[in-house]
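The values are calculated or read from the model by the stated rules, or taken from the named source; none is laboratory data. What you see is a predicted model; the values in this text were computed from it and never measured. Heads up, the Cβs are rebuilt from the backbone with ideal geometry, glycines too, and the neighbour counts pull from every protein chain shown. Note: accessible area is taken over every heavy atom of the protein model, side chains too, but ligands, DNA and RNA are not part of it. Shrake-Rupley method; radii C 1.70, N 1.55, O 1.52, S 1.80 Å.
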Amino acid sequence: ASPGYFAAMSLTLLRGRVFNESDTGDAPKVVVISESLARRHFPGEDPIGRQVGGSDEGPWYTVVGVVRDVKHLGLTDDAMPELYHPLHQFIYSPFMMTLVVRTAAEDPTAAAATIQKQIRKVNPDQPINDVLTMTEIVSRSAAQHRLYTLLLGVFAAIAMLLPDGDGGGRLA
């Protein structure tokens, strides 16, 4: 995550700090964690300054901030524990990158077209996959529930039209 990610996503900082320009590749390794990760791994403790991650192959990271949980999988699903790395301290695949932009434009898709043009100026071969507004993302997460509700309504209407035991319809 870049220093502006948390503001762009309106993530509420609960404790500590978010990333800043000093969190470079040469700086001490830091992370921001979600409140559910803090509850799970540091119950009843302040996680700021604590170490996470690390193994024989990888470094340890110091927790510098805790942010409110985000429901990435859908509005009705539980929030998953999250760990955020600074952009310049994490080895990532360009296929895993997501660009998040906050705009005041009435039509965010117009802003997306402008951003795509700028990306193409820098690198014409840069793949740009899905361009979605937050409204579209939320709508997609609720689509399955809307379908179930529609089907329930259709089946209820059919049930109301079925004949009862006397051979007549219920809506007579």
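For region 131-160, the candidate set comprises residues that are under 19 Å from Ser10 (Cα atoms) and in a helix (DSSP H, G or I); within that set, the residue that is modelled with the highest pLDDT is Glu136.
The residue pairs whose first member lies in region 40-63 and is on the phi < 0 side of the Ramachandran plot and without any contact (Cβ under 8 Å) to a residue 40 or more places away in the chain, whose second member is surrounded by fewer than 11 Cβ atoms within 10 Å (Cβ to Cβ) and outside any strand (DSSP E or B), and whose beta carbons are closer than 7 Å, counting only pairs six or more residues apart or on different chains, are Thr62/Gly49. Looking at Gln144, Gln116, just one residue is under 25 Å from Lys71 (Cβ atoms) and surrounded by 11 or more Cβ atoms within 10 Å (Cβ to Cβ), and that residue is Gln144.
The set of residues from region 119-141 being hydrophobic (A, V, I, L, M, F, W, C) and either open to solvent by less than 70 Å² (accessible area, probe 1.4 Å) or within 21 Å of the chain's Cα centre (by Cα) (or both) comprises Ile119, Ile128, Val131, Leu132, Met134, Ile137, Val138. The single condition among (1) modelled with pLDDT under 75; (2) on the phi < 0 side of the Ramachandran plot that Gly167 does not meet is (2). Say whether the condition of being charged (D, E, K, R), open to solvent by 50 Å² or more (accessible area, probe 1.4 Å), without any contact (Cβ under 8 Å) to a residue 24 or more places away in the chain and within 27 Å of Leu132 (Cβ to Cβ) is met by at least one residue in region 99-108. Yes, region 99-108 contains at least one residue that is charged (D, E, K, R), open to solvent by 50 Å² or more (accessible area, probe 1.4 Å), without any contact (Cβ under 8 Å) to a residue 24 or more places away in the chain and within 27 Å of Leu132 (Cβ to Cβ).
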